[in-house]
Amino acid sequence: MFRNVLGKTFRFLGYTVQYGCIAHCAFEYLGGIVVCSGPSMEPTIQNSDIVFSENLSRHLYCIRKGDIVIVKSPNDPKSNICKRVIGLEGDKVCTSNPSDFLKSHSYVPKGHVWLEGDNLRNSTDSRCYGPVPYGLIRGRICFKVSLMLSSNCTCQKR
Amino acid sequence: MFRNVLGKTFRFLGYTVQYGCIAHCAFEYLGGIVVCSGPSMEPTIQNSDIVFSENLSRHLYCIRKGDIVIVKSPNDPKSNICKRVIGLEGDKVCTSNPSDFLKSHSYVPKGHVWLEGDNLRNSTDSRCYGPVPYGLIRGRICFKIWPLNDFGFLRASPNGHRFLDD
């Protein structure tokens, strides 16, 4: 009787671990749904928007300038941030604010990217914490999932 | 006949994906064997040494000062580097070289770590590329497997003077 229960428990744990691993790898290498919060990417992405993020691009190293990416925050490894790639390694970026009189530029160092939010007035991004290492990129947002009143699912590209 | 082959192929692919995912998660969350190359961690880790790296500590955020970690290189996302953690966020670190006349210090920013190789004369580390975001840490090296005459837990840093106490 006890052996029966033990056997069933182990089989249950085995299946949980198995399907947990497969689900984890699917999120890691294919992609997943992400809920975005915050105003830094308005009007492209509003607070509480639901987007689909694919994770293949970062493994294949084909993130392009202009892509919106999800990045592990350089200041807080426990949270993720969502910004647009303005410059790749070697690109020239403008590091000064639009209100500054003197414009300053710099080049993005090797292995890094320059990120900025679309809502420039209300975004903490590379203009504050500098270029971000490519290795922190988690995925690329490819489309927004919005639920209309008639409960259809419409997807708009970026 | 054809259906049989197709069925077997799918079953084979299914098992491959299944066990591939489990193996990947084991490496990702538990740990794995790593072959180190380069002179920057001598004498603690020599070129071509084989070590075991555990990946739980970085997910549980319990990397400590003095740990040897494997980090995705900030200058090249395709390669990994192996250095010792000299300072955690908020710690004071010495940013000048021992040969400099004037010592300069700075504080490690939030969410970052300061890495240095044990072989200070021959190591490209945070003294060159600055503090490294914690998110780039892949795992913590806990003991050496090869060569057998050096089997066991890794020694403490030979550069104790680089750890500044507050």
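Every number here is computed from the coordinates shown, using simple stated rules; none is lab data. Because the structure is predicted, anything quoted here is derived from the model rather than measured. Using ideal geometry, Cβ is built from the backbone for each residue, glycine included, and neighbour counts are taken over all protein chains shown.
For region B:114-122, 3J(HN,Hα) computed residue by residue from phi via the Karplus equation (6.51, -1.76, 1.60; θ = phi - 60°) reads 10, 10, 9, x, 5, 8, 4, 6, 9 Hz, glycine and proline entered as x. Using the rule -39500 (n - 2.57) for each DSSP H run of four or more residues, divided by the residues of chain A, the 222 nm mean residue ellipticity is -7000 deg cm²/dmol. Remark: relative contact order (region B:2-153) = 24 percent; criterion is Cα-Cα distance under 8 angstrom and separation of 6 or more residues. When Lys and Arg each count +1 and Asp and Glu each count -1, what net charge do the other residues less than 14 Å away from B:Phe143, Cβ to Cβ, add up to? Result for the local shell: -1. Applying both filters, DSSP loop and at most 11 other Cβ atoms within 10 Å, to the chymotrypsin sites (Phe, Trp or Tyr not before Pro) of region A:10-79 gives A:Tyr61.
In order along region B:7-16, phi translates into HN-Hα couplings of x, 5, 4, 5, 5, 4, 4, x, 5, 4 Hz, rounded to whole numbers, per the Karplus curve 6.51 cos²θ - 1.76 cosθ + 1.60 with θ = phi - 60° and x for Gly and Pro.
Listed by chain and number, the lysines placed with their C-alpha closer than 26 angstrom to that of A:Lys144 are A:Lys65, A:Lys72, A:Lys78, A:Lys83, A:Lys157; residues fewer than eight positions away on the same chain are left out.
For peptide B:67-73, the mean count of partner chain Cβ atoms within 10 Å of a residue's Cβ comes to 2.
What does the structure give for A:75-85 when I average, per residue, the other chain Cβ atoms found within 10 Å of the residue Cβ?
The per-residue average across the peptide is 3.
Which one of A:Cys21, A:Cys36, A:Cys142 has the biggest mean-square fluctuation once chain A is modelled by GNM with Cα springs under 10 Å? Among A:Cys21, A:Cys36, A:Cys142, the largest mean-square fluctuation in the Gaussian network model of chain A belongs to A:Cys21.
Give me the net charge of B:Cys36's neighbourhood, meaning all other residues with Cβ under 10 Å from the Cβ of B:Cys36; Lys, Arg count +1, Asp, Glu -1. All intermediate terms of the calculation are to be shown ahead of the outcome.
Working: positive: B:Lys144; negative: B:Asp49.
Local net charge: 0.
Between region A:4-56 and region A:99-117, the alpha-carbon centres lie 33 Å apart.
Loop only by DSSP, 11 or fewer other Cβ within 10 Å of the Cβ. Give me the trypsin sites (Lys or Arg not before Pro) in region A:88-132 that pass, ordered by residue number. Walk me through the intermediate numbers first.
Working: sites: A:Lys92, A:Lys103, A:Lys110, A:Arg121, A:Arg127; in loops: A:Lys103, A:Lys110.
Qualifying residues, ordered by number: A:Lys103.
Left without a cysteine partner by the 4.7 Å Cβ rule in chain B: B:Cys36, B:Cys62, B:Cys82, B:Cys94, B:Cys128, B:Cys142.
Once Rg and the Kirkwood radius are both taken over the C-alpha atoms of the protein assembly as shown, their ratio Rg/Rh works out to 1.03.
Residues whose amide H comes within less than 5 Å of that of A:Asp67, counting only those at least five positions distant or on another chain, are A:Val85 (H built at 1.01 Å from N in the peptide plane).
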